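Enquirer: Dropping a structure here in structure tokens format, bear with me for questions.
The values are calculated or read from the model by the stated rules, or taken from the named source; none is laboratory data. Predicted, not measured: the structure shown is a model, and the values here were computed from it. Here Cβ is always computed from backbone atoms with ideal geometry, including for glycine, and neighbour counts include all displayed protein chains. The area values use the complete protein model at the heavy-atom level, side chains included, leaving out ligands, DNA and RNA. Shrake-Rupley method; radii C 1.70, N 1.55, O 1.52, S 1.80 Å.
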Amino acid sequence: MPDPTTGTAVLVPPAAARPVPARPGALAVARGVVRTARPRQWVKNALVVAAPVAAGQLVSWPVGGRLALVFALFTAAASAVYLVNDARDAAADRAHPVKRHRPVAAGLVPVPLAYVTGALLGLGAAVASALVCNAMTALLLTAYLVMQLAYCVRLKHVLVVDLAVVSTGFLMRAMIGGIALGIPLSRWFLITTGFGALFMVAAKRYSEAVQMEDAQGATRALLTQYTTGYLRFVWQLAAGVAVLGYCLWALESGGVANGSLLPWRQLSVVAFILAVLRYAVFADRGTAGEPEDVVLRDRPLAVIGLVWAAMYGMAVVDL
């Protein structure tokens, strides 16, 4: 056919002869599957040690081995949910300026492969927990999978329920370590953990909503139905309840333990409140979009966290 600019003939290769984009190799696909499983998010599963640490029972290799197993099972379950979520949202993610780079949306990981891998991980985690853990651990892990899959399909589009489901996922992480070891869970521990999770989840949604006001596209469709004032109210309410729950939890143990110079558990309330106030600075600014980034990158918050851990560790040693 002639070139419209020069008038000279140009040979156009037939469609069959045109170069075809190379398919990703098996190693690239495997890396894509791992990326879809969100390795950065696995740190959240460290919450499985929360109940044993709070009870002062993380002191032996058998206990550590059991918790490592529970961590691995919960990580497999959470990864299964991420894979199914990305497979289900692949079409929508392709229209998003950031999410379009996810391996499934980008075409690196085929949608059927994401579904199959997620199903195998989820089923494997549930079966393994039933075989090597107690019945309550298996039940809790299965309930987590069902709840999170329901979230992917429907619940993430329901106002308020989406906040409750995500917060409950964190609470389940904190509960499962104690349940696997048969440790009684304090009601104040559950209240502090649950509302602490809601505080961080609502702060994240608030930050996304604030950033969305200056951006063209929403990071979550549901954010258009929330107002920033409402989300601010939620994270402030949750922070207050979490602080109250922690105070009651700390006071539940009584005064100074035998052989202890100071009431370390009660004194840890100060560090806990300071940590909440410091995190609230980022929530108020609308920059608490990724909780793990806030916690790991803010040096004052990290120092406060270490002080709290030292105080609480002294209280556990004195038990």
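Enquirer: Tell me, what % of the accessible area of the chain is carbon and sulfur with a 1.4 angstrom probe?
Expert: 70
Enquirer: Same structure again: Expressed in nm to one decimal, what extension gain is obtained for the pair A26 and R299 from 0.36 nm per residue of sequence separation less their Cα-Cα distance?
Expert: Between A26 and R299, full extension yields 94.2 nm more.
Enquirer: Same structure, new question: Compactness ratio of the chain: Cα Rg over 2.2 N^0.38 Å, N = residue count? If you can, show how the numbers build up before the last one.
Expert: On the way: Rg = 24.0 Å, N = 319, 2.2 N^0.38 = 19.7 Å.
Rounded to two decimals, the normalised Rg is 1.22.
Enquirer: Let me ask something else. Lysines within cross-link reach of K99: Cα-Cα under 20 Å, excluding same-chain residues under 8 positions apart?
Expert: Straight-line reach from K99, under 20 Å: K156, K204.
Enquirer: Then there's this: How large is the helix-only mean residue ellipticity at 222 nm for the chain, computed as the sum of -39500 (n - 2.57) over DSSP H runs with n ≥ 4, divided by its residue count, in deg cm²/dmol to the nearest 500?
Expert: Values: 12 runs with 210 residues, N = 319.
Helix-only estimate at 222 nm: -22000 deg cm²/dmol.
Enquirer: Taking the Cβ-Cβ separation of D284 and A119 as r and a Förster radius of 51 Å, what is the calculated FRET efficiency to the nearest 0.05? Walk me through the intermediate numbers first.
Expert: Working: r = 41 Å, r/R0 = 0.81.
It comes to 0.80.
Enquirer: According to a simple spin-label model (label point 7 Å from Cα along Cα-to-Cβ), what is the distance in nm between V160 and L261?
Expert: Here the answer is 5.0 nm between the modelled labels.
Enquirer: With Rg and the Kirkwood Rh both taken from Cα atoms, where does Rg over Rh land for region 50-117? Walk me through the numbers on the way to the answer.
Expert: On the way: Rg = 17.7 Å, Rh = 14.1 Å.
Radius of gyration relative to Kirkwood radius: 1.25.
Enquirer: Per residue, how large is the accessible surface of the chain? Use a 1.4 angstrom probe and give square angstrom.
Expert: It amounts to 53 Å² per residue over the chain.
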